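A.B. asks: Have a look at the structure that comes next, please.
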Amino acid sequence: MTRLFNDPAAFADEMTEGFVASHRRWVRRVPGGVARRTATREGGAAIVVGGGSGHYPAFAGLVGPGLAHAAAMGNLFASPSAQQVHSVAKSVEAGGGVLLAYGNYAGDVLHFTQAQERLRAEGIDCLSIAVTDDVSSASLAEKHKRRGIAGDLTVFKVAGAAAEEGRPLAEVHALAVRANERTRSLGVAFTGCTLPGAREPLFTVPAGRMAVGMGIHGEPGIGEQDVPTADGLAELLVSRLLDEVPEGVRASGARVVPILNGLGGVKYEELFVVYRRVAELLAEAGIEAVDPQVGELVTSFDMAGTSLTLFWLDEELERLWLAPVDAPTFRRGSVEAEGDVLPDATAAAEADVPPSSAESRQSAARVLAALEAARATIDANADELGRIDSVAGDGDHGIGMQRGVHAAYDMARDGVAHGAGAGTALVWAGDAWADKAGGTSGALWGMALRALGEAVGDDDAPDAARVAAGVAAAADAIVGFGKAQIGDKTLVDALLPFSSTLTQRAASAGLAGAWDEAATAAERAAAGTANLLPRMGRARPHAEKSLGTPDAGAVSLALVVRAVHTTLTRNEAPEWKEAEV
């Protein structure tokens, strides 16, 4: 349970402020996260790690010489936005390119990939590595779908040490990939975690039982069993990891880094009792433990649980793992910080408002009204959206939608006040949604509003056909980027029927009438997701648990488009350009 907080919505920002204030020898504040206090070596590769907050020491605590150059930090359990990742990367890039390193979660993949594309478009060499060490979250045949948990540390450390040696970006990336291929983890939890302001944990475990194979974002375990003794837990973790020795490695005679990681609510003394037996079991298997790590390294807020990671070394990986490092929460040897000491960075200046027609500005006011209606309906349903999401996910969908829609409304309101047209209002709203919401839904809603805004433009008032074309462009962008299809149990299950109905009916029914029919199609499709098993995202490993419950993303989309319809029917106006504002 979280006891010390002010406004729950401000928790992540206030936590970051306090971290920077207490660790100024290492870090400075930059828009979107934190960066090293000193400048990156000219021409050197920069390592940018990141993910949601709530995992300290990951990710901010791993910024320093010999490890990461910067960390992009999202809200609690929500991936940083593409804008945050881009901003953080730009703050440390020094001509040698950027490696983006993060756990393999759908939201992180979406946002970091968008940031990578943007950096490349600006002429900055950029590569990525998504950590996939959690053996419980997918089979070996689908290893690319596995989550990243405490194995983040091994990949980040190897990449950071290689960059510190002056290796070029391609070599740093190749070494990070090799480290990832040789890292395996498994975790258990005895309780769920409770976010600031929440009255209930994201999941619960019956007394005397433990969840096996949980993630680090409040996802429930893949399975459940009675709590064993400390020795019994060590035997479970070691045996499961030794069942999957990396390809090309022979267990007997191997050298491994064992990491027994506390998830936030287990005492160090308990971890030491467990590690005592872990060490015995590794020795019995003929495996030599190198530089064991026991403690909190990648946590899940206040979750009572632990994970075991085995990092299977070769000669080069061992040297890089043991290389000197000086980060706030991970230090060894002596390493000198190079470069000038830099001050905290302020946020970038706001963009100018593009010119627009009077008709488009009038339509922008209708955009603002639509966002206001969306904001009201999300506020009213946030708790229920979180409950739906918690059945097989991490329970933060309602909170994320609130953050996104409030930010979108505020940005659109500012744009309208300064004369923005409808297209600009939508684009700015989308960027704000993605930036503040984070997570998968933040990326997708941001992408959708931006695509719709670009289709609508600022030249005149959009008619039904152009709005339908913009919604179709938004759907294409989401499907093309996220790769979800009908039947995967995502918001796409509601979005595609909404878009196709709107397109089919726009010419004959007008915007208000077509939108009504399309919203009904979305509502029907969203309800139908209760009968589906998820095939993508964080809910996929818990597919059976979600049967009978609709997808939170599909439900929230249906709620929003129905709320928007109420603004289209005011004064019975069939088209935006005919509506009273």
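The values are calculated or read from the model by the stated rules, or taken from the named source; none is laboratory data. Keep in mind the model is a prediction, meaning the values are calculated, not measured. Note: ideal-geometry Cβ built from the backbone for every residue, glycine included; neighbour counts use all protein chains shown.
A.B. asks: Would you list the strands (runs of 3 or more DSSP E) that sit entirely within segment 302-370 and hold 3 or more residues that are polar (S, T, N, Q)?
C.D. replies: Correct list: 305-312.
A.B. asks: Could you check segment 74-108 and list, in sequence order, the residues that are touching a strand residue (DSSP E or B) at 6+ places or on another chain (Cβ under 6 Å), aliphatic (A, V, I, L, M) and either surrounded by fewer than 23 Cβ atoms within 10 Å (Cβ to Cβ) or modelled with pLDDT of 95 or more (or both)?
C.D. replies: Correct list: Val85, Val88, Ala89, Val92, Val98, Leu99, Leu100, Ala101.
A.B. asks: Check whether at least one residue in segment 254-263 is under 30 Å from Ile399 (Cα atoms) and not polar (S, T, N, Q), and report yes or no.
C.D. replies: yes
A.B. asks: Of all the strands (runs of 3 or more DSSP E) wholly in segment 83-199, which have at least 1 residues that are under 30 Å from Gly232 (Cβ atoms) and more than 20 Å from the chain's Cα centre (by Cα)?
C.D. replies: Ranges flagged: 183-189.
A.B. asks: Determine whether segment 363-379 contains at least one residue that is surrounded by fewer than 23 Cβ atoms within 10 Å (Cβ to Cβ), closer than 27 Å to Leu511 by Cβ, of a type in the set (A, V, I, L, M) and not assigned by TED's automatic domain parsing to the domain that holds Ala448.
C.D. replies: No.
A.B. asks: Cβ contacts < 8 Å: first residue in contact (Cβ under 8 Å) with a residue 24 or more places away in the chain, restricted to segment 125-137; second residue surrounded by fewer than 21 Cβ atoms within 10 Å (Cβ to Cβ) and in a loop (DSSP other than H, G, I, E, B), any location; separation 6+ or different chain. Result?
C.D. replies: Val135/Glu244; Ser136/Ile222; Ser137/Ile222
A.B. asks: Could you identify the single residue in Leu175, Leu186 that is in contact with a Lys or Arg (Cβ under 6 Å, 6 or more places away or on another chain) and under 18 Å from Thr309 (Cβ atoms)? It would help to see each step written out before you state the result.
C.D. replies: On the way: Leu175 fails: in contact with a Lys or Arg (Cβ under 6 Å, 6 or more places away or on another chain).
From the options Leu175, Leu186, the qualifying one is Leu186.
A.B. asks: I've got another one for you. Just a yes or no: is a residue in segment 34-57 modelled with pLDDT of 95 or more, under 18 Å from the mean Cα position of the chain (by Cα) and in a helix (DSSP H, G or I)?
C.D. replies: No, the conditions are met nowhere in segment 34-57.
A.B. asks: With the structure loaded, tell me whether Gly18 is outside any helix (DSSP H, G or I), small (Gly, Ala, Ser) and out of contact with any Lys or Arg (no Cβ under 9 Å at 6 or more places or on another chain) or whether it fails that test.
C.D. replies: For Gly18, the condition - outside any helix (DSSP H, G or I), small (Gly, Ala, Ser) and out of contact with any Lys or Arg (no Cβ under 9 Å at 6 or more places or on another chain) - is not met.
A.B. asks: From the list Phe330, Phe311, which one is on the phi < 0 side of the Ramachandran plot, not hydroxyl-bearing (Ser, Thr, Tyr) and not assigned by TED's automatic domain parsing to the domain that holds Glu164?
C.D. replies: Checking each option against the conditions leaves just Phe330.
A.B. asks: Next question, about the same structure. Need the failing condition index for Asp493 against (1) out of contact with any Asp or Glu (no Cβ under 7 Å at 6 or more places or on another chain); (2) surrounded by 24 or more Cβ atoms within 10 Å (Cβ to Cβ), just the number.
C.D. replies: Asp493 satisfies all of (1) out of contact with any Asp or Glu (no Cβ under 7 Å at 6 or more places or on another chain); (2) surrounded by 24 or more Cβ atoms within 10 Å (Cβ to Cβ) except (1).
A.B. asks: Surrounded by 13 or more Cβ atoms within 10 Å (Cβ to Cβ) and over 16 Å from Ser185 (Cα atoms): does that describe Glu280?
C.D. replies: When the stated conditions are applied, Glu280 passes them.
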